[in-house]
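Asks: First, the structure itself, so that you have it in front of you.
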């Protein structure tokens, strides 16, 4: 190649690179307001709630998803939480010892909003009034059940009863100006008595009052296809827990107990560092009704590093 050809080809390559870079820069972010579930860094928040919120805001997070129990949660919910405190190594939850007005002020100071609050089945069933009042005070649109208790999912008949209960909760939430959503774990995705339990919940609940939060990690671990679920149940999924896997793994069984969950914890990794096709999944989710994308890395080590990496990866995705 002579000097003239070299310069011409180099110029074309540079121009192409420049145009590509400009196209990327001008493209809209795939996710505008990236959220974080606070179970990702409970020990940090227990030590310094205001400092933890400031750190998350500094990373670029815009939305916060709370987890219970709260001061208004039922006694049963509080007792269940106290029973697991020794094993998780912290006790902070809800508003971390603050009242709701203090929480609201800290959120405002850091430019954070609360689209959703995780809570428990007993509080959803028996104390919706107080839960809805708190949600409305904070501006939260969704109250979310993070898991179905063991005794409500032993067989298909249990799942049918749970679906009926979800309809009751969903209607009551709507009457109080909020929405109810169920966050899936890995159970309910395998065949049981000739049916898929999650299908039972979808098919036997009111599409206008019962919504869903997809957990990418547990959905994949349970052997389901996130993209197919999103397309099949368009507009039912409204929130998503964004996680990644070091390598694609499945439960040793049906995902129905804590032992199987714990076996897979070590495969959880920072968004963008794993094998899940997050670009495609999130694009599909947005096209099918998901409104809130929430990072969750359960009690992650070095949250100041890991959570920043997850945020920055998601912020780099373009339409």
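The values are calculated or read from the model by the stated rules, or taken from the named source; none is laboratory data. Note that the structure is a prediction, hence the values are computed from the model and not measured. As a convention, Cβ positions derive from the backbone with ideal geometry for all residues, glycine included, and neighbour counts pool all protein chains shown.
Asks: Regarding residue 87, is this residue more than 20 Å from residue 135 (Cβ to Cβ) and within 21 Å of the chain's Cα centre (by Cα)?
Replies: Values: more than 20 Å from residue 135 (Cβ to Cβ): yes; within 21 Å of the chain's Cα centre (by Cα): no.
It is false that residue 87 is more than 20 Å from residue 135 (Cβ to Cβ) and within 21 Å of the chain's Cα centre (by Cα).
Asks: For segment 59-79, what are the residues that are under 30 Å from residue 310 (Cα atoms) and in a helix (DSSP H, G or I)?
Replies: Our first condition is that a residue be under 30 Å from residue 310 (Cα atoms); within segment 59-79, this holds for 59-70.
Result: 59, single match.
Asks: Quick check on my filter: what residues within segment 30-45 are surrounded by fewer than 16 Cβ atoms within 10 Å (Cβ to Cβ) and assigned to a helix (DSSP H, G or I)?
Replies: Within segment 30-45, just 43 meets the criteria.
Asks: With the checklist (1) crowded, with 23+ Cβ neighbours inside 10 Å; (2) at pLDDT below 95; (3) under 23 Å from residue 125 (Cβ atoms) in hand, flag the one item residue 186 doesn't pass.
Replies: (3)
Asks: Looking at 295, 242, 290, 275, can you tell me which residue is over 24 Å from residue 58 (Cα atoms), touching a strand residue (DSSP E or B) at 6+ places or on another chain (Cβ under 7 Å) and buried (at least 20 other Cβ atoms within 10 Å of the Cβ)? First the steps, then the outcome.
Replies: Working: 295 fails: over 24 Å from residue 58 (Cα atoms); 242 fails: over 24 Å from residue 58 (Cα atoms); 275 fails: buried (at least 20 other Cβ atoms within 10 Å of the Cβ).
Residue meeting the stated conditions: 290.
Asks: Hey, another quick one. Is it the case, given these coordinates, that residue 314 is touching a strand residue (DSSP E or B) at 6+ places or on another chain (Cβ under 9 Å), surrounded by 14 or more Cβ atoms within 10 Å (Cβ to Cβ), at pLDDT below 95 and closer than 22 Å to residue 38 by Cβ? Reasoning before the result, please.
Replies: Working: touching a strand residue (DSSP E or B) at 6+ places or on another chain (Cβ under 9 Å): yes; surrounded by 14 or more Cβ atoms within 10 Å (Cβ to Cβ): yes; at pLDDT below 95: no; closer than 22 Å to residue 38 by Cβ: yes.
Answer is no for this residue.
Asks: Do we find that residue 211 is over 18 Å from residue 278 (Cα atoms), within 21 Å of the chain's Cα centre (by Cα) and without any contact (Cβ under 8 Å) to a residue 60 or more places away in the chain in this structure? Let's see the steps before the verdict.
Replies: Numbers: over 18 Å from residue 278 (Cα atoms): yes; within 21 Å of the chain's Cα centre (by Cα): yes; without any contact (Cβ under 8 Å) to a residue 60 or more places away in the chain: no.
Taking the combined requirement at face value, the residue does not satisfy it.
Asks: While we're looking at this one, here's another question. I'm trying to understand the selection: among the residues of segment 196-222, which are part of a helix (DSSP H, G or I) and over 18 Å from residue 156 (Cβ atoms)?
Replies: Let us first name the residues in segment 196-222 that are part of a helix (DSSP H, G or I), namely 197-203, 216-221.
Within segment 196-222, 216, 217, 218, 219, 220, 221 qualify.
Asks: Follow-up question, since we're still on this one. Six or more apart or on different chains, Cβ under 6 Å: which pairs go from a residue in segment 44-61 that's on the phi > 0 side of the Ramachandran plot and free of Cβ contacts under 8 Å to residues at least 60 places away in the same chain to one that's surrounded by fewer than 15 Cβ atoms within 10 Å (Cβ to Cβ) and assigned to a helix (DSSP H, G or I)? Could you list them?
Replies: So the pair list comes out empty.
Asks: For the list (1) at pLDDT below 95; (2) more than 18 Å from residue 122 (Cα to Cα), I need the number of the one condition that residue 193 fails.
Replies: (1)
Asks: Considering segment 299-319 alone, what residues qualify as being within 19 Å of residue 61 (Cβ to Cβ), in a loop (DSSP other than H, G, I, E, B) and over 16 Å from the mean Cα position of the chain (by Cα)?
Replies: 301, 302, 317
Asks: Within segment 82-103, can you find the residues that are closer than 23 Å to residue 292 by Cα, in contact with a helix residue (DSSP H, G or I) (Cβ under 6 Å, 6 or more places away or on another chain) and crowded, with 17+ Cβ neighbours inside 10 Å?
Replies: 95
Asks: Sticking with this one: So which helices (runs of 4 or more DSSP H) are wholly in segment 223-298 and hold at least 3 residues that are at pLDDT 95 or above, out of contact with any helix residue (DSSP H, G or I) (no Cβ under 6 Å at 6 or more places or on another chain) and under 22 Å from residue 188 (Cβ atoms)? Steps first, answer last, please.
Replies: Details: elements: 226-232, 258-264, 278-287.
Helices (runs of 4 or more DSSP H) meeting the threshold: 226-232.
Asks: Taking segment 110-129 as the search range and keeping residues that are out of contact with any helix residue (DSSP H, G or I) (no Cβ under 8 Å at 6 or more places or on another chain) and in a helix (DSSP H, G or I), which one is surrounded by the most Cβ atoms within 10 Å (Cβ to Cβ)?
Replies: Restricting to residues being out of contact with any helix residue (DSSP H, G or I) (no Cβ under 8 Å at 6 or more places or on another chain) and in a helix (DSSP H, G or I), the top hit is 126.
Asks: Take the conditions in a helix (DSSP H, G or I) and either modelled with pLDDT of 95 or more or within 23 Å of residue 116 (Cα to Cα) (or both) and apply them to residue 174. Does it pass? Break it down stepwise before answering.
Replies: On the way: in a helix (DSSP H, G or I): yes; either modelled with pLDDT of 95 or more or within 23 Å of residue 116 (Cα to Cα) (or both): yes.
In short, yes.
Asks: I'd like to verify a number: residues in segment 62-75 that are without any contact (Cβ under 8 Å) to a residue 60 or more places away in the chain and more than 21 Å from residue 147 (Cβ to Cβ), how many?
Replies: 2
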